[in-house]
Amino acid sequence: MAIVRKAACPLNCWDSCGFQVTIENGRVTKVEGDPDHPITKGKICARGRMLEARTNSPERLMHPLKKVNGQFQEISWEQALDEIAAEMLRIKETYGSTAVLHSHDYANNGILKNLDQRFFNCYGGVTELYGSLCWGSGIEAQKWDFGNAWSHAPNDVLNSRNIIIWGRNVARTNMHFYEKLLEAKKHGSHLYVIDPLYNATAKLADQHISIKPGMDGILAAGIIKEILRLELEDKEFIEQYTHGFADLLQLVNSNSLEQISEMTEVPEEVITKLAYIYGDRPASTYMGLGMQRYENGGNTIRLIDALCAVSGNIGIDGGGANYANLQVGQSFAFDELTLAGRKQSFRQFSIMKQAEEILAAKDPEIKMIFVTCGNPLTQLPDTNVAEKAFSSAGTLVAVDQFMTDTAMLADYVLPAATAFEEEDIYYSSMYHHYVNYGPQLVPSPGEAKPDLWIWTQLADRLGFGADFEFTREEWLNMTLVPLAEKGYSLEALKEQHTLELPVNKIPWQDRKFNTRTGKFEFTSSLGEEKMGNGKLSLAVPKESKWRNPALAQNYPYSLLTIHPMRSNHSQNYHLLGDTVKVKVEIAANIADDRELKNGDFVRVWNNRGEVKGYISILPAAHPNTVNIDEGIWKKFGGSVNQLTSSTESDNGLGSTLYDCLVNLEKIE
Ligand code: SF4
């Protein structure tokens, strides 16, 4: 008999949807949206639906595997755990615990997935990764400007007179916000999309502003310049609630509008129009997670924040510089969960440069890499170096559900449960203010196990089993302690399946910013402290004709690596059938210049590597722009990261995956 139960999407996504899952004979047979979820209201995307195929796939890993003489062999859990624990003990005694590197990502956003950190902290502390391949530089930028990265509640967009969607294709990656935009348009809001690609969101807009990739910060500076010339700024806000305006003024006066137009490839009259749009308050800005993936990425987000501040669109209904929403994650307790104080020693590698750092590591060298919730072999920049690094450690352990590129390289592969096979809470929406509950719905197939079981077993063998002697209920309650003080309970969450968190719906309404000065900072005190300079600059991408004309001569096209439509990063490609192939999307001018047509097979290359794929022409994309979706596995043609660079962003906490010039040619 079929039963339907409420659950939650575990994927790293803006929307954090509520699910209704059908179970028949102990098997998940359908994943649909929960019509009662206050934000996602019964609608989910194909990536969420595909969790059914992911759970039932015949390719699921069912048993622990060990590589012997280059071949994987099934082994018992007993053997796998005993051997891994013995090797961890040997490494700790011989080289110290930091000879183990913990590589992790966000394949599943269950709160208990953070227990991997507790495990490695109790082990003694390992080599950890800092920074983020995705949004890190933007988060850091907003911490410099506002003191935190907070966004407005979803319904507030209905208060906006003008809505500027800047580099976020909500139709693909934030579908419930797309619905809100339709509603806002019906209410009379005007919608503007700034993006190098004419995407499905741009089609909804009153106007699409096509921009040269990586030049968003320069455009923001141009709009500020025009706002000031036209006296559209919010003088009161600037005088009373900001710090460093004189520095900003000096900066925007250092370039002419003509120069800014030439660099951004946005016409001067469009920049002037955008100044009027921002001056016609309330104007809300919703940024995406691509335009910060440049060497100038932190500065880009900071200039957009500055634009929102100068125009008086901070802390007001219908305004906001909406990038991330850390208020949601900040509502939970992590210190109790992860026990950071238990580390006896630790070392940190940059997440972007981890491959180079692994290869160069001394005192101690990296002897073991333990991979959780990630597939670094497709997701790290500069894949060829990443593969060399991950092959160099004595032992590579991967916890996964499928034989990903990383698992293929591993010495031990431990089969993990899917989200429907373990209870957790999903707390990390980047868009709305709700936390969702996900019960265990079905047992794991074969010998697949939840990560928590793996940590508990290994902890027992390594002598700190007592640190993992808690029930699921106790673990979940541990994370909810700060909310329990405000009247929230696990029981209520289980009963209602989702709860609205007690966070600010209109951040900074009280004009009290979490910066050193208590003001919005055009010149950042935190930036000054960390990097020796907190001033904004008119920085451009590292790989651009302005910074490196010779490179731009050899590699004339800007490469984007956007989020795929049907896969959450690299997670679903193997479930998409035989049709998966690398699609090389190009602007029309490239097709004309190189005499290419749809379906032509091409080689895309630069000084780091090459990718081969099939041409698809984007008639309205910004000239000289190429896109290859991220995450494609080796067996389907390989990751676009064979082309990308491991350079860090300007504030040290983000990637530069889009800061990438390439060339291409037709091949047979
Ligand atoms: S991937 Fe995002 S939009 Fe799709 S179902 Fe999951 S949370 Fe919802």
Practice prompt. Name the single residue, out of those in region 344-372 being farther than 23 Å from Gly652 by Cβ and either of a type in the set (A, V, I, L, M) or in contact with a helix residue (DSSP H, G or I) (Cβ under 6 Å, 6 or more places away or on another chain) (or both), that is surrounded by the fewest Cβ atoms within 10 Å (Cβ to Cβ).
Written response: Pro364
Discussion item. If Lys388 meets every condition in (1) under 25 Å from Trp605 (Cβ atoms); (2) in contact (Cβ under 8 Å) with a residue 60 or more places away in the chain apart from one, which number is that one?
Written reply: (2)
Worksheet item: So which residues in region 398-414 are crowded, with 23+ Cβ neighbours inside 10 Å and either more than 21 Å from Asn12 (Cβ to Cβ) or of a type in the set (A, V, I, L, M, F, W, C) (or both), if there are any at all?
Response: Ala398, Val399, Ala407, Ala410, Tyr412, Val413, Leu414
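Residues are listed down the side, and each one gets a yes or a no for (1) within 18 Å of Ser544 (Cβ to Cβ); (2) of a type in the set (Val, Ile, Thr); (3) surrounded by fewer than 21 Cβ atoms within 10 Å (Cβ to Cβ):
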{"residue": "Arg594", "(1), (2), (3)": "no, no, yes"}
{"residue": "Glu610", "(1), (2), (3)": "no, no, yes"}
{"residue": "Ser616", "(1), (2), (3)": "no, no, yes"}
{"residue": "His622", "(1), (2), (3)": "yes, no, no"}
{"residue": "Asn627", "(1), (2), (3)": "yes, no, no"}
{"residue": "Asn641", "(1), (2), (3)": "no, no, no"}
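Among what's in region 611-629 and is assigned to a strand (DSSP E or B) and over 24 Å from the mean Cα position of the chain (by Cα), pick the residue that is nearest to Leu197 (Cα to Cα).
Kept after step one, since they are assigned to a strand (DSSP E or B), are these residues of region 611-629: 611-618, 625-627.
Checking which are over 24 Å from the mean Cα position of the chain (by Cα) leaves us with 612-618.
Numbers: Lys612: 21, Gly613: 19, Tyr614: 18, Ile615: 16, Ser616: 13, Ile617: 12, Leu618: 8 Å.
Checking each candidate, the answer is Leu618.
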Response to the item:
Within region 421-443, residues modelled with pLDDT under 95 and of a type in the set (Phe, Trp, Tyr) come out as Tyr427, Tyr431
Response to the item:
Listed by first then second residue, the pairs whose first member lies in region 310-331 and is of a type in the set (S, T, N, Q), whose partner is assigned to a strand (DSSP E or B), with beta carbons under 6 Å and at least 6 positions apart or on separate chains, are Asn313/Ala283; Asn322/Tyr286
Item to complete: Would you check which residues across region 190-215 are surrounded by 24 or more Cβ atoms within 10 Å (Cβ to Cβ) and over 15 Å from Thr625 (Cα atoms) and list them?
Response: Val193, Thr201
Worksheet entry | Looking only at region 596-608, and only at residues there that are hydrophobic (A, V, I, L, M, F, W, C) and surrounded by 16 or more Cβ atoms within 10 Å (Cβ to Cβ), the one that is farthest from Ala200 (Cα to Cα) | Trp605
Discussion item. Residue under question is Gly374, and the condition is that it be within 30 Å of Leu181 (Cα to Cα), in contact with an Asp or Glu (Cβ under 7 Å, 6 or more places away or on another chain) and in a loop (DSSP other than H, G, I, E, B); does it hold?
Written reply: no
Discussion item. Need a quick list: strands (runs of 3 or more DSSP E) entirely within region 117-199 having at least 1 residues that are over 29 Å from Gly244 (Cα atoms).
Written reply: 127-130, 190-194
Worksheet item: For Ile632, which of the numbered conditions (1) in contact with a Ser or Thr (Cβ under 6 Å, 6 or more places away or on another chain); (2) within 26 Å of Ile139 (Cα to Cα) fails to hold?
Response: (2)
Worksheet, complete the sentence: Of the residues in region 27-58, those that are in contact (Cβ under 8 Å) with a residue 40 or more places away in the chain, assigned to a strand (DSSP E or B) and among the basic types (Lys, Arg) come to Arg27
Item to complete: Among the candidates Ala53, Ala86, Ala46, single out the residue that is more than 30 Å from Leu181 (Cα to Cα), surrounded by fewer than 17 Cβ atoms within 10 Å (Cβ to Cβ) and within 14 Å of the ligand (Cβ to nearest atom).
Response: Ala53
Discussion item. Here is a check on your reading of the model: is Lys581 farther than 20 Å from Tyr198 by Cα and surrounded by 15 or more Cβ atoms within 10 Å (Cβ to Cβ)?
Written reply: no
Worksheet item: Which one of Ser616, Ser544 is of a type in the set (S, T, N, Q) and within 26 Å of Val385 (Cβ to Cβ)?
Response: Ser544
Worksheet item: Out of all the residues in region 1-26, which are in a loop (DSSP other than H, G, I, E, B) and either more than 23 Å from Asn114 (Cβ to Cβ) or away from the ligand (no atom under 11 Å from the Cβ) (or both)?
Response: Met1, Asn25, Gly26
Worksheet item: Condition test on Gly446, is it at pLDDT 95 or above and buried (at least 19 other Cβ atoms within 10 Å of the Cβ)?
Response: no
Response to the item:
Here the residues within region 546-586 that are aliphatic (A, V, I, L, M), within 16 Å of the ligand (Cβ to nearest atom), in contact (Cβ under 8 Å) with a residue 24 or more places away in the chain and farther than 19 Å from Asn169 by Cα are Leu575
Worksheet item: Which pairs do you get when a residue that is free of Cβ contacts under 8 Å to residues at least 24 places away in the same chain, found in region 66-79, comes within reach of a residue that is among the charged types (D, E, K, R), reach meaning Cβ atoms under 6 angstrom, with the pair 6+ apart or on two chains?
Response: Gln73/Lys66; Ile75/Lys66
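Scan region 441-484 residue by residue and report those that are among the aromatic types (Phe, Trp, Tyr), over 24 Å from Asp400 (Cβ atoms) and in contact (Cβ under 8 Å) with a residue 12 or more places away in the chain. Outline the logic, then answer.
Initially, region 441-484 is screened for residues among the aromatic types (Phe, Trp, Tyr), giving 453, 455, 464, 468, 470, 475.
Among the residues that remain, those that are also over 24 Å from Asp400 (Cβ atoms) are: 464, 470.
Scanning region 441-484 gives a single hit, Phe464.
The values are calculated or read from the model by the stated rules, or taken from the named source; none is laboratory data. Note that the structure is predicted; figures quoted are calculated from it, not measured. All Cβ positions, even for glycine, are placed from backbone atoms using ideal geometry, and neighbour counts span all protein chains on display.
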